[in-house]
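The block underneath contains the structure these notes are about, expressed in structure tokens.
The values are calculated or read from the model by the stated rules, or taken from the named source; none is laboratory data. Just so it is clear, the structure is predicted and the values come from calculations on it, not from any experiment. Quick reminder, even Gly has a Cβ in these numbers, built from the backbone with ideal geometry, and neighbours come from all protein chains shown. Each accessible area value is taken on the protein alone, full model and side chains, heavy atoms only, with ligands, DNA and RNA left out. Shrake-Rupley method; radii C 1.70, N 1.55, O 1.52, S 1.80 Å.
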Amino acid sequence: MTSDYFEFYNLPQTFLPDIATLKSKYYALSREYHPDFHATASSEHQQDMLRLATLNTNAYRTLTDADQRMAYILNQHGLLEEGKQELPADFLMEVMELNEQLMELEVEPDPAATQRVEQETQALTDTLDAGIAPVLAGYEGLPVDIRPQALQQIRTYYLKKRYLLRIHESLTKFATRS
């Protein structure tokens with residue numbers, strides 16, 4: 001029994017799956033594996049059905065969420081190992097500057113400065129999203145020997161996006177305090 005979610009649904013590994021297909025497969029398997037339909041079976045069979053029902057739920061939740069799906073695929077390829085999260089120095093400097101501005105805003109709130117940080121963060125996010133979109137869309141059609149390069153680009157995108165998400169979250173906290 002596989003724990004590869006794409007294999008479980010008999011789908012190719014892709015960053016942009018058809019959500020309607022995923023939903024259809026999820027509901028079909030939910031009916032097939034639902035423990036209530038196996039109440040009179042042996043305890044071993046009931047445990048198997050419970051395990052498959054859980055796998056189905058976990059697969060669906062993961063594959064229907066873009067961020068979780070990306071992390072899942074990167075993890076499947078061993079690309080999100082702890083301590084191996086290097087990012088380009090220029091990006092880290094940009095993020096450090098944004099974080100410094102956030103620290104200044106903690107001490108001295110300034111709505112105009114907060115708005116500038118929000119705009120800068122959103123501009124960085126938009127640039128990242130636009131740059132990775134063709135890689136995500138074309139991944140499934142890439143030759144197997146080219147995929148590792150695409151996965152590295154996606155990994156870098158994912159890690160950068162995590163940094164920017166933390167800044168967005170900090171800015172949201174500022175907004176709720178105002």
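Within region 116-128, is even one residue outside any helix (DSSP H, G or I) and either open to solvent by 60 Å² or more (accessible area, probe 1.4 Å) or within 30 Å of Thr40 (Cα to Cα) (or both)? No, there is no match, as no residue in region 116-128 is outside any helix (DSSP H, G or I) and either open to solvent by 60 Å² or more (accessible area, probe 1.4 Å) or within 30 Å of Thr40 (Cα to Cα) (or both). Go through the residues of region 26-36 one by one and say whether even a single one is farther than 23 Å from Thr156 by Cα, open to solvent by less than 70 Å² (accessible area, probe 1.4 Å), among the basic types (Lys, Arg) and in a helix (DSSP H, G or I). Checked against the condition, which is being farther than 23 Å from Thr156 by Cα, open to solvent by less than 70 Å² (accessible area, probe 1.4 Å), among the basic types (Lys, Arg) and in a helix (DSSP H, G or I), region 26-36 yields no hits at all.
Contact map, region 26-47: first residue basic (Lys, Arg), second residue open to solvent by 50 Å² or more (accessible area, probe 1.4 Å), Cβ cut-off under 8 Å, separation 6 or more or different chains; pairs are Arg31/Phe37.
Can you tell me which residues in region 105-123 are at pLDDT 90 or above and within 15 Å of Glu169 (Cβ to Cβ)? Result: Val117, Glu118, Thr121, Gln122. I'd like the residue in region 147-167 that is without any contact (Cβ under 8 Å) to a residue 40 or more places away in the chain and polar (S, T, N, Q) and, out of all such residues, is most open to solvent (accessible area, probe 1.4 Å). For region 147-167, the residue satisfying everything is Gln149. Among the residues of region 39-84, those identified as surrounded by 14 or more Cβ atoms within 10 Å (Cβ to Cβ) and in a loop (DSSP other than H, G, I, E, B) are His77, Leu79, Leu80. Residue count for region 131-146, restricted to those that are more than 16 Å from the chain's Cα centre (by Cα), of a type in the set (A, V, I, L, M) and open to solvent by 60 Å² or more (accessible area, probe 1.4 Å): 2.
Among the residues of region 25-51, the one identified as under 22 Å from Ile73 (Cα atoms) and at pLDDT below 95 is Arg51. Do we find that Leu87 is touching a residue at least 40 places away in the same chain (Cβ under 8 Å), closer than 30 Å to Pro17 by Cβ, crowded, with 16+ Cβ neighbours inside 10 Å and among the aliphatic types (A, V, I, L, M) in this structure? No; evaluated as a whole, the condition is false for this residue.
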